[in-house]
Amino acid sequence: MPASRTYIFAGGGTGGHLFPGVAVAEQLRDLDPSARILFVGSDKPLELSIFNRLQLEHRSLPVESLQSLTRHPIRFVARNWKAWRIARQWIRELQPAVVVGLGGYASAPIVWAASRVRIPVALLEQNVIPGRTTRLLSGESKLVCTSFAEATRHLPHGTSIEVTGNPVRQEIARLHQARPVRQGKELLILGGSQGADRLNDAVIGAVSALRNDLVEWHIVHQSGLRQIESLRTAYRELQLKATVEPFFDDMQIRYQSASVVISRAGATTLAELTCCGLPMILVPFPQAADDHQRANAIALRDHQAAVVVEHQPAAADTVKLLTDQLATLVARPDMSQSLSDAAYRIAKPDAAAVVAQRIRSFAGSE
């Protein structure tokens, strides 16, 4: 093996897929400063902005998701065929020591091309219910690293699996040791990297109902782009102190100051919230593939680390359920503390280091 190794991280499209890969890449760089780290994924604007901000090397493939097959079948076939050919070319050119699949359709061409020439493949699976790509490619991998023990029963028999936890970035993992004392009154709302309109609407309904209880609180709301102005207007009309932004780049600071969190149940967000020991109300996205967000949320609820509010057919019923749960956490610091303690207990802040060590062993570095 050459002194300088190349590691390819394949996949992306959302922060939930990308950030675990970034966390492992950080660890690999610490262990092997001469290593070349290359991310290969889609050309989605969010993905490109993350890599530009973090100054990580990135290449895009012209991949198309299965959702476009019925709408644009010719484009789907043409672009994906091109992506597979490019992936084979890049694998021959770069000769990576290991390919790490991050999930999502954008990971498939590189993972498949690597497996065809016996380059070791490791897959990161963030959710309780593994994604379609992980299920299809698990037979091509040396190891599937899962966040939840419950995921193992959803993978094909014979798959090599290790429950490592979901890798989080070093600045987040360090908060697990710090365990800040939460004496402030700050409500953090997270709809995911794309925002969440139905969650935003439910939050405004709940906050309106609890306006008098929240008058001394600071609300920090990650909104996505579509509703940012309407949310800012709503908070102004309620005369509540609120910071509303489409996306936050300084999440470790937000986590440190938060007292209670209302969030979707994406696995990467949950890994970060548990590392920080945050009391959380989870509102899973009901249209998530295979209903995986609900499964993630229930796994945390079963560990007494979260309360769960599911969307109801009538929006007013969702608001009522969310209002009741938020009112309880605002009024009962003992319950918030109990959720916080349980979150700390199930966190796996060393997941990125564990995965990086496994990857280096596949590359013959251990």
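List, in order, the whole-Hz ³J(HN,Hα) value for each residue of the range 79-84 obtained from phi through the Karplus relation with A = 6.51, B = -1.76, C = 1.60 and θ = phi - 60°; use x for Gly and Pro.
Karplus values, whole Hz, x for Gly and Pro: 5, 6, 4, 5, 4, 5.
Run the reach check for K44 against aspartates and glutamates, Cα to Cα strictly under 19 Å, same-chain hits fewer than 8 apart removed. What comes back?
In chain and number order, the partners are E57, E64, D249.
As a check on your grasp of the helix formula, calculate [θ] at 222 nm for the chain: sum -39500 (n - 2.57) over DSSP H runs of n ≥ 4, divide by the residue count, round to the nearest 500.
Per the formula, -14500 deg cm²/dmol.
Give the separation of the Cα centroids, the range 336-366 to the range 113-190, in Å.
Cα centroid of the range 336-366 versus Cα centroid of the range 113-190: 9 Å apart.
If you wrap a convex hull around the C-alpha atoms of the range 76-219 and split its volume per residue, what is the figure in Å³?
Enclosed volume per residue, from the Cα hull, is 174 Å³.
So what are the ³J(HN,Hα) numbers for the range 341-346, from phi and the Karplus equation (6.51, -1.76, 1.60; θ = phi - 60°), rounded to whole Hz, Gly and Pro as x?
4, 5, 4, 4, 5, 8
Leaving out same-chain residues fewer than 8 places away, which lysines sit with a Cα under 25 Å from that of K320?
By straight Cα distance, K320 reaches K185, K241.
Would you mind estimating how fast the chain diffuses translationally, via Stokes-Einstein at 25 °C and 0.890 mPa s with the Kirkwood radius over Cα pairs, in µm²/s?
116
Residue-wise, which Karplus ³J(HN,Hα) couplings in Hz belong to the range 312-317, taking 6.51 cos²θ - 1.76 cosθ + 1.60, θ = phi - 60°, and x for glycine or proline?
For the range 312-317, the Karplus curve yields 9, x, 9, 4, 5, 5 Hz.
Using 0.36 nm times the number of residues separating T152 and D30, minus their current alpha carbon distance, what extension gain do you get?
Net length gain for the segment: 40.9 nm.
With every protein chain present, what is the per residue accessible area of the range 145-303 (1.4 Å probe, Å²)?
Value returned for the range 145-303: 42 Å² of accessible area per residue.
Can you list residues from other chains, or at least 5 along the same chain, whose modelled amide H is less than 5 Å from the amide H of V144?
For V144, the qualifying residues are L123, S160, I161, E162.
The values are calculated or read from the model by the stated rules, or taken from the named source; none is laboratory data. These figures come from a predicted structure and were not determined experimentally. Quick note on the areas: whole protein, heavy atoms, side chains included, nothing else; ligands and nucleic acids left out. Shrake-Rupley method; radii C 1.70, N 1.55, O 1.52, S 1.80 Å.
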